[in-house]
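Here is the structure we will look at.
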Amino acid sequence: MKTEIEPDKRKWDHNGEKPIRIACSKCGSFDVRRDAYVEWDIEKQKWVLATVFDDGACMDCEDSASLIEIQIEDAEIQESSDEHEPG
Ligand SMILES: [Zn+2]
């Protein structure tokens, strides 16, 4: 058995085959946030993500909310990356 995935890391790193979006379970908005800590990385000289908490918040509900994962279909990705600027 070689399934040693850090339990903490799985909370915010999505390693599935298909990309996902995070949405509010109440209103379905994608404008959501999540509580997290960052810590100062001396080598990188920037803040790096240290811990992500379960608590989520929705900007539309303006309240704490539970967040759900929605799989993005392949077609949707191609559509957004295949945009042509008119003119
Ligand atoms: Zn919401």
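No value in this document is a laboratory result; all are computed from the given coordinates. Only a predicted model underlies this, so the values are computations on that prediction, with no experimental measurement involved. Neighbour counts run over all protein chains shown; Cβ positions are idealised from the backbone, glycine included.
Data overview
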{"item": "Dipole magnitude of region 7-67, debye to nearest 20 (Cβ charges: Lys/Arg +1, Asp/Glu -1, about Cα centre)", "result": "260"}
{"item": "Additional length obtainable on full extension of the chain from ILE72 to PHE53, 0.36 nm per residue less Cα span", "result": "4.5 nm"}
{"item": "Gained length - CYS27 relative to CYS61, 0.36 nm times residue gap less alpha-carbon distance", "result": "11.5 nm"}
